[in-house]
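Bear in mind that the values in this text are calculations on the coordinates, not laboratory data. Every value quoted in this text rests on a predicted model; they were computed, and no experiment measured them. Reconstructed Cβ throughout: ideal geometry from the backbone, glycine too, with neighbour counts over all protein chains shown.
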Amino acid sequence: MSSTELARNDERAPVYDLAAEKLILGVLMTSPGAVSELAGQLDADDFYSPKHQEIFAAILTLDSAGNPSDATAVTGYLADQGSLARLGGAPFLLDCCEAAPPRVQLGYYVERVGKLADTRTVEAGALQVAHEATKPGRDLDEVADLAQRLAEKVTKRRGATSMVPLGSLINPALDRIEERLNQKPGLDTGFTQLDELLGGIRRKQLVTVAGATSMGKSITLIDFARRMCIKDKQVGAFFSLEMGNDEVFERILAAQSGVLHKRIRTGQMDDHDWRRATAQIGPMTDAPLLMSDKGGLNVPAITRACEEVIRTHGRLDVVFVDHLHLVKASNSRIIERTAIIEDVAAGLKESIAMELDVPVIAAAQLKRNDNVKSDQPPQLTDLKGSSAIEQTSNIVIVVHRPEYYDAESPRAGETDFVVAKNRDGEKGTVTVASQLHLSRFVDFSINRTENAA
């Protein structure tokens, strides 16, 4: 039986996720102030397990009275109520705490348990409506009223999940601000000036890395992934719709080891190359970077894969999509190209970045523009297919290599990361060194050190 317990003995069987319920309880008992984040999003009845219902109610009771709601406090409260042993005792509460994911993932599990509760409500109500409708002589207006009350019940609860009192945001916001004194608010990209300009890549953001064909979009995404997942050990999901996993791995190996990508690709590596390559096996083996090269994915399929990562690894910190224009529409009836891109961009932002509380970094193609010059990078209007990408993205980084347009450019070996949109900060241009023979970009300070060596 998987961690997601699904009862499906028949089509009307209730649906529930006991593991998600347990994780919510764990977060509430290990993260002071987490209860305030719920803000009426869950009731005890939304939990399928009666055991979980009672523990959740105990946590709310303690918190509403201004008392601690950690495992010790909950244990004492349940003992006073005479229900501790029946609910699994202190070992069960500690087990919940040990399984608790990071607090930032609480919203995902709350949303999941809430949706499953709604599903059970709808199923039970539908059965009741069907039963009443088949009674001899039953007034159909009464049946319609019953169905309407069912719909209002679900709609009311779902509506409550999107509206929260301003006051409920105060403590979580102050906690986040205080945490920023000791740690960076976002994920590092690996490029010093870019991180200073952006303040890191933050949760719920859609970051679009745009560029013309062969400009270095994929290399940029891989560079970000190497820093975030190999060096910083963030859990990442990398969806490569353009290259196979083997090709992505070879690019990562070249960038990590400093062995020429061409030598790795052709197998013409000498002993020195092999030593440098094998030295990276350990860090790459330990990296929590999950790869997928399955083609023809749409946003719902990518979302399901991300949810699986959360279930199996306990968290998900960043999602990469290479590239946006190869993602399929979520509905086969959407066939017009602009509509497909709008559907994909909105899905990446709303269904993944917002719902799963992770940053999504997606590559995007620029349309062909013969007027682009080496000293004049492309504009946001050059994004291919739809303005929806620009409108939906929090950040748009345009990758521009002057020598791509002019082989005699005095800026050979340079690449500009043009931050053309930054919803939460300044725009600007960061210049890095191109090391395409190693399938990577690097800070100029690093490039100078390597050249001196």
Practice task
Over the Cα atoms of region 259-299, compute the convex hull volume and normalise it per residue, giving Å³.
Solution key: 99 Å³
Problem - Distance (nanometres) between label positions extended 7 Å along Cα→Cβ at Arg333 and Glu403 - result: 5.2 nm
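What number, in nm² with one decimal, is the all-direction average of the projected area of the convex hull of the alpha-carbon atoms of region 192-452? Please list the in-between numbers first.
Working: hull surface 57.2 nm².
If you wrap the Cα atoms of region 192-452 in a convex hull and average its projections, you get 14.3 nm².
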Practice task
Could you calculate, for region 177-286, the ratio of the Cα radius of gyration to the Kirkwood radius, expressed as Rg to Rh?
Solution key: 1.01
Handout entry: Under-5 Å amide H pairs with Gln205, H placed in peptide plane, nonlocal only
Key = Val360
Completion exercise
Under the 7 Å Cα-to-Cβ spin-label approximation, Lys294 and Gln268 lie apart by a distance in nanometres of 3.8 nm
Exercise for the section: Return the long-range amide H neighbours of Lys421 (sequence gap of 5 or more, or a different chain), with a cut-off of under 5 Å between placed amide H atoms. Expected result: Val396
Problem - P(r) histogram, all alpha-carbon pairs of region 290-347 included - 10 Å bins from 0, percent - result: 21, 51, 23, 4
Problem - Cα convex hull of region 63-112, projected area averaged across orientations, nm² - result: 4.4 nm²
Handout entry: Of Lys204/Lys384; Lys217/Lys421; Lys262/Lys349; Lys204/Lys231; Lys51/Lys204, those spanning more than 26 Å from alpha-carbon to alpha-carbon
Key = Lys262/Lys349; Lys51/Lys204
Practice task
Rounding to the nearest 20 debye, state how big the charge dipole of region 192-452 is about its Cα centre with +1 on each Lys and Arg Cβ and -1 on each Asp and Glu Cβ.
Solution key: 320 debye
Practice task
Give me the distance in nm between label points sitting 7 Å out from Cα along the Cα-to-Cβ direction at Thr61 and Met243, one decimal.
Solution key: 5.8 nm
Problem - Charge dipole magnitude, Cβ of K and R +1, D and E -1 - region 296-376, Cα centre, debye nearest 20 - result: 240 debye
Problem - Asp43 long-range amide H proximity, modeled H, under 5 Å - result: none
